[in-house]
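Trainee: This is the structure I have questions about; it appears just below.
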Amino acid sequence: MFFRTTPLLYCSFLVGLFSSSAFADTISDKRGLAYANTQAADLAAMSGHIAWWYNWSAEPEDTVGDDYTQYGVEYVPMAVNANFDEDALRSYLTNHPEVKYLLAFNEPNFTDQANLTPQEAADAWPTLESIADDFDLKLVAPAVNYSPGDVDIPGTDNDGSPYEYLDAFFDDCSDCRVDYIAVHSYMATTDSFEAYVKKFNTRYNKPVWVTEWNYSDSGNETLENQMDYMADTVRWMEQQDYVFRYAWFIGRTSGGASASPYVDILSSDYGSWSALGSLYKGIPGSNYYAPLPGTLQAEHAYTMTGMHHRATTDSDGNPVVQLFSDQDETEQAMTYQVQSSSDKTYSMSVSYAASSNAQISIQVDSDSSQSLFLPNTGGVYFWETATTSLYLSSGTHTITIKSTSGQPGFDWFKFE
């Protein structure tokens, strides 16, 4: 899938000035964005949170400016179809020796996208391979998805299958160099998504780039289930070694973040996150440890069960995401990866809401847990703060928080 959105009025502020030495540690090296109207202010906001982006083109859009590399968000070029501009791509690569990867052919099994039979894709591949060899690039396979089946795949009646398409492509391109598989997914359950992505790795024995995905349920999407699906699939991909990279689709749509299907991670103001984006930017990768002292947003857990997401705004109108109980028998648990700056007994504050008295356990690494009582706040939309002491030695730790009674919701955990 690929469409361009109508440019918005330019927002005058940029989110800070950056130099390559000033980047925050990126929360995940895997995390990306599929979007063709990125602005310089967006890249400034993405710095430290989104590692890379692409735009179905051989070079970045003009809107990011000539000095976009200052933000530390990697751009990955694409040969979108067999008629891509080779001269433009080679010129860009000559001027940008930092480029490491080349994406190939966007949805060739769709007539309204790259529209290539497996043989046509194989015939065009030597040109890509020559470019990759000349510039020392890794090559990513044609990006496939389930299709209407209008592109013929010889030898099968299942022309809509992405697996059948790649099977035929590799048969026709048996001597071709392909370093990664690329897939797109628009599904309504995390189980289906996980099985789908895993099958590509198992079938072709190559690491996978998920270069487009979001929650798609025939018009029944809500912001809350879009957030739940995003969070579940991001956490799963972060923990799969064979998922090399992934890119959410999309940055902005013409309808905006508050319109169905609620997929925008950027708000209408350039350089600002939507509620969905504030979730996406903060879920940590497996190698990221949040620095303490500091505040952990509850939704930015490394692992989580028994909770779902709800969006609201703070007093300044900025998007806020909070966690609420699934209200079933599923264990409510969240694990955070942290790095303590010193041996310290922290004052730990918990922002929570509860319609009845509740209790949580707090466990550091595999040590014994301690309990914290959370009095009834008068409802799940009424927030209070409870405080306890928690000792952490200097270095990295996991903190696991479980609801042992009641079904409280959580906003943040502050360590001072």
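The values are calculated or read from the model by the stated rules, or taken from the named source; none is laboratory data. All values derive from a computational prediction rather than experimental measurement. Cβ coordinates were reconstructed from backbone atoms using ideal geometry, including for glycine residues, and neighbour counts include every protein chain displayed.
Trainee: For the condition assigned to a loop (DSSP other than H, G, I, E, B) and within 20 Å of ILE399 (Cα to Cα), what is the one hit in GLY256, GLY282, GLY251?
Mentor: None of the others qualify; the one that does is GLY282.
Trainee: Would you be able to tell me the number of residues in region 52-75 that are within 17 Å of THR211 (Cβ to Cβ) and in contact (Cβ under 8 Å) with a residue 40 or more places away in the chain?
Mentor: 4
Trainee: Follow-up question, since we're still on this one. Can you name every residue in region 386-416 that is closer than 13 Å to ASP343 by Cα and β-branched (Val, Ile, Thr)?
Mentor: If the condition is that a residue be closer than 13 Å to ASP343 by Cα and β-branched (Val, Ile, Thr), then THR396 is the only one that fits.
Trainee: When region 359-375 is examined, which residues are found to be in contact with a Ser or Thr (Cβ under 8 Å, 6 or more places away or on another chain), over 15 Å from THR404 (Cα atoms) and assigned to a loop (DSSP other than H, G, I, E, B)?
Mentor: Hit for region 359-375 is ASP365, nothing else.
Trainee: Still on this structure, I have one more. Are any of the residues in region 38-47 of a type outside the set (S, T, N, Q) and part of a loop (DSSP other than H, G, I, E, B)? Explain how you work it out, then say what you get.
Mentor: To start, the set of residues in region 38-47 that are of a type outside the set (S, T, N, Q) comprises 40-46.
Those still in the list that are part of a loop (DSSP other than H, G, I, E, B) too: none.
Looking through region 38-47, none of the residues is of a type outside the set (S, T, N, Q) and part of a loop (DSSP other than H, G, I, E, B).
Trainee: Keeping to region 90-116, report how many residues are closer than 18 Å to LEU139 by Cβ and of a type in the set (Asp, Glu).
Mentor: 2
Trainee: State yes or no: is ASP241 surrounded by 20 or more Cβ atoms within 10 Å (Cβ to Cβ), outside any helix (DSSP H, G or I) and at pLDDT 95 or above?
Mentor: no
Table: residues versus (1) assigned by the TED database to the domain that holds THR313; (2) over 30 Å from ALA257 (Cβ atoms); (3) of a type in the set (Gly, Ala, Ser); (4) modelled with pLDDT of 95 or more.
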position: GLN113; (1), (2), (3), (4): no, no, no, yes
position: PRO118; (1), (2), (3), (4): no, yes, no, yes
position: LYS138; (1), (2), (3), (4): no, yes, no, yes
position: ALA168; (1), (2), (3), (4): no, yes, yes, yes
position: VAL183; (1), (2), (3), (4): no, no, no, yes
position: LYS199; (1), (2), (3), (4): no, yes, no, yes
position: VAL210; (1), (2), (3), (4): no, no, no, yes
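Trainee: Counting only residues that are under 32 Å from the mean Cα position of the chain (by Cα) and under 18 Å from SER349 (Cβ atoms), which one in region 370-385 is surrounded by the most Cβ atoms within 10 Å (Cβ to Cβ)?
Mentor: So, considering only residues that are under 32 Å from the mean Cα position of the chain (by Cα) and under 18 Å from SER349 (Cβ atoms), the one surrounded by the most Cβ atoms within 10 Å (Cβ to Cβ) is TRP383.
Trainee: On the given criteria, is SER342 touching a Ser or Thr at 6+ places or on another chain (Cβ under 6 Å), loosely packed, with under 15 Cβ neighbours inside 10 Å and in contact (Cβ under 8 Å) with a residue 40 or more places away in the chain?
Mentor: Criteria met by SER342.
Trainee: Select from region 199-218 the residues that are in contact (Cβ under 8 Å) with a residue 12 or more places away in the chain and assigned to a helix (DSSP H, G or I) and write down the one among them that is surrounded by the most Cβ atoms within 10 Å (Cβ to Cβ).
Mentor: PHE200
Trainee: Which one of ASP157, ASP112, ASP134, ASP150 is of a type outside the set (Val, Ile, Thr), surrounded by fewer than 18 Cβ atoms within 10 Å (Cβ to Cβ), more than 25 Å from the chain's Cα centre (by Cα) and closer than 22 Å to VAL210 by Cβ?
Mentor: On inspection, the qualifying residue turns out to be ASP112.
Trainee: Only one residue in SER356, SER351 is over 23 Å from ASN287 (Cα atoms), at pLDDT 95 or above and part of a loop (DSSP other than H, G, I, E, B), so which one is that?
Mentor: Exactly one of SER356, SER351 is over 23 Å from ASN287 (Cα atoms), at pLDDT 95 or above and part of a loop (DSSP other than H, G, I, E, B), namely SER356.
Trainee: With the requirement that a residue be under 19 Å from GLN70 (Cβ atoms), modelled with pLDDT under 50 and surrounded by 15 or more Cβ atoms within 10 Å (Cβ to Cβ), what does region 1-49 give you?
Mentor: CYS11, LEU14, VAL15, PHE18
Trainee: Moving to a separate point now. Kindly provide the set of residues from region 160-178 that are over 30 Å from the mean Cα position of the chain (by Cα) and either within 18 Å of TRP56 (Cβ to Cβ) or without any contact (Cβ under 8 Å) to a residue 40 or more places away in the chain (or both), ordered by number.
Mentor: Result: SER174, ASP175.
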